[in-house]
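**Q** Sending over a structure as structure tokens; questions will come in a sec.
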Number of protein chains: 2
Amino acid sequence: MTDAPKTFRRAERTGRWAEVDVLAYKAEGAAPFKDITRQVLFGDPNLACELRYFEIAPGGHSTLERHEHLHAVMIFRGRGQCMVGDRVMDVGPHDLISIPSLTWHQFRASTEEPLGFLCMVNRERDRPQLPNDAELGELRANVAIAAFLDSA
Amino acid sequence: MTDAPKTFRRAERTGRWAEVDVLAYKAEGAAPFKDITRQVLFGDPNLACELRYFEIAPGGHSTLERHEHLHAVMIFRGRGQCMVGDRVMDVGPHDLISIPSLTWHQFRASTEEPLGFLCMVNRERDRPQLPNDAELGELRANVAIAAFLDSA
């Protein structure tokens, strides 16, 4: 049971917790992203899901990707935009976002504030897919998505 | 796919979301509890866990219970106390609480503020057990727990 977290772990300040490491979002160069960190809040192997906290610095973004597994997201702090499929929405604290299977998605922080969000995900899950040039061209044919992808 | 939630569901005010019903915590009379509501934020059958939001009114409490499945809790709003095993802790916003298997636990809101918390739990899980008189007597032998259980 060395994996078991302590029963109580304190919030130290917004987006930081005692005994929760701030990790790289992904391996550098594995996929495009900018200014984002990852923390695993709950990852006990006896839980069928993990609860992670991601924080994107102002002007940063997550990877544009899709996968079979679902993402269940709650915005935790800050403001930004979220693309899911063919929709781009402004998002703010406590908004809920359900990312369906095999649906392109990306999170972008505003230029003024970080964007922090909780993401629940199945422990057993497939690897994300990146868009190829044809898929990216298709996405960019939507002017709202093109503007989103090109935003600072 | 009639079960699939909308992609975006807005936070309407603290602890309330568009298209998320505020439910009874448990069936009335099923177990002791006081002034607590339940909302299922994410319950898609393709997610191996559910993310629920519970809110306890000032002076209220959840059921004192235990079960094999784990609870992964983040305090969302307000203040209160949480008993896990033989420990009673003051808790506040964003504190993380890991409730181990078969460990007695209860949440109590302060008398001044509601206590709202997120709870991630396996979709497939066992039913909670309530303490019998002997078990309750054993818990009450700990003066800190007795004071907690008797707090308003």
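The values are calculated or read from the model by the stated rules, or taken from the named source; none is laboratory data. Just so we're clear, the structure is a prediction, and the values are computed from it rather than from any experiment. Positions of Cβ are generated from backbone atoms using ideal geometry, with glycine treated the same way; all protein chains shown enter the neighbour counts.
**Q** Of everything in region B:103-134, what is touching a strand residue (DSSP E or B) at 6+ places or on another chain (Cβ under 9 Å), closer than 16 Å to residue B:65 by Cα and polar (S, T, N, Q)? Give them in sequence order.
**A** Scanning region B:103-134 gives B:103, B:106, B:129.
**Q** Among the residues of region B:19-48, what is the count of those that are in contact (Cβ under 8 Å) with a residue 12 or more places away in the chain, assigned to a loop (DSSP other than H, G, I, E, B) and either within 16 Å of residue B:61 (Cα to Cα) or of a type in the set (S, T, N, Q) (or both)?
**A** Residues flagged as in contact (Cβ under 8 Å) with a residue 12 or more places away in the chain, assigned to a loop (DSSP other than H, G, I, E, B) and either within 16 Å of residue B:61 (Cα to Cα) or of a type in the set (S, T, N, Q) (or both) within region B:19-48 amount to 5.
**Q** Looking at residue B:51 and the list (1) surrounded by fewer than 19 Cβ atoms within 10 Å (Cβ to Cβ); (2) assigned to a strand (DSSP E or B), which single condition is not satisfied?
**A** Result: residue B:51 fails condition (1) only.
**Q** Continuing with the same structure: Among the residues of region B:63-113, which ones are within 23 Å of residue B:29 (Cα to Cα), hydrophobic (A, V, I, L, M, F, W, C) and touching a Ser or Thr at 6+ places or on another chain (Cβ under 6 Å)?
**A** The one that is within 23 Å of residue B:29 (Cα to Cα), hydrophobic (A, V, I, L, M, F, W, C) and touching a Ser or Thr at 6+ places or on another chain (Cβ under 6 Å): B:107.
**Q** Here is a further query. Are there any pairs, at least 6 apart or on different chains, whose C-beta atoms fall under 7 Å, with the first in region B:75-99 and at positive phi and the second hydrophobic (A, V, I, L, M, F, W, C) and assigned to a loop (DSSP other than H, G, I, E, B), and if so, which?
**A** B:85/B:104
**Q** On to the next question. Here is a check on your reading of the model: is residue B:56 β-branched (Val, Ile, Thr), in contact with an Asp or Glu (Cβ under 8 Å, 6 or more places away or on another chain), in a strand (DSSP E or B) and away from every other protein chain (no Cβ under 12 Å)?
**A** yes
**Q** Filter region B:29-48 down to the residues that are under 23 Å from residue A:7 (Cα atoms) and more than 9 Å from chain A (Cβ to nearest Cβ), then identify the one that is surrounded by the fewest Cβ atoms within 10 Å (Cβ to Cβ). Talk me through it step by step, then tell me what you get.
**A** First, the residues of region B:29-48 that are under 23 Å from residue A:7 (Cα atoms): B:33, B:36, B:38, B:48.
If we keep only those that are more than 9 Å from chain A (Cβ to nearest Cβ) as well, we get B:33, B:36, B:38.
On the way: B:33: 19, B:36: 20, B:38: 16.
Top of the filtered list is B:38.
**Q** Here are some residues: A:77, A:127. Which one is within 14 Å of chain B (Cβ to nearest Cβ), under 15 Å from the mean Cα position of the chain (by Cα) and within 22 Å of residue A:42 (Cβ to Cβ)? Let's see the steps before the verdict.
**A** Values: A:127 fails: within 14 Å of chain B (Cβ to nearest Cβ).
Going through A:77, A:127 in turn, the sole match is A:77.
**Q** Right, something else. Restricting region B:16-28 to residues that are more than 14 Å from chain A (Cβ to nearest Cβ) and closer than 17 Å to residue B:116 by Cα, which is modelled with the lowest pLDDT?
**A** Here is the first cut: in region B:16-28, the residues more than 14 Å from chain A (Cβ to nearest Cβ) are B:22-28.
Checking the rest, the ones that are also closer than 17 Å to residue B:116 by Cα come to B:22-26.
On the way: B:22: 94, B:23: 92, B:24: 87, B:25: 87, B:26: 84.
Selected residue: B:26.
**Q** Restricting the search to region A:121-150, which residues are basic (Lys, Arg) and free of Cβ contacts under 8 Å to residues at least 12 places away in the same chain?
**A** Within region A:121-150, A:140 is the sole residue that qualifies.
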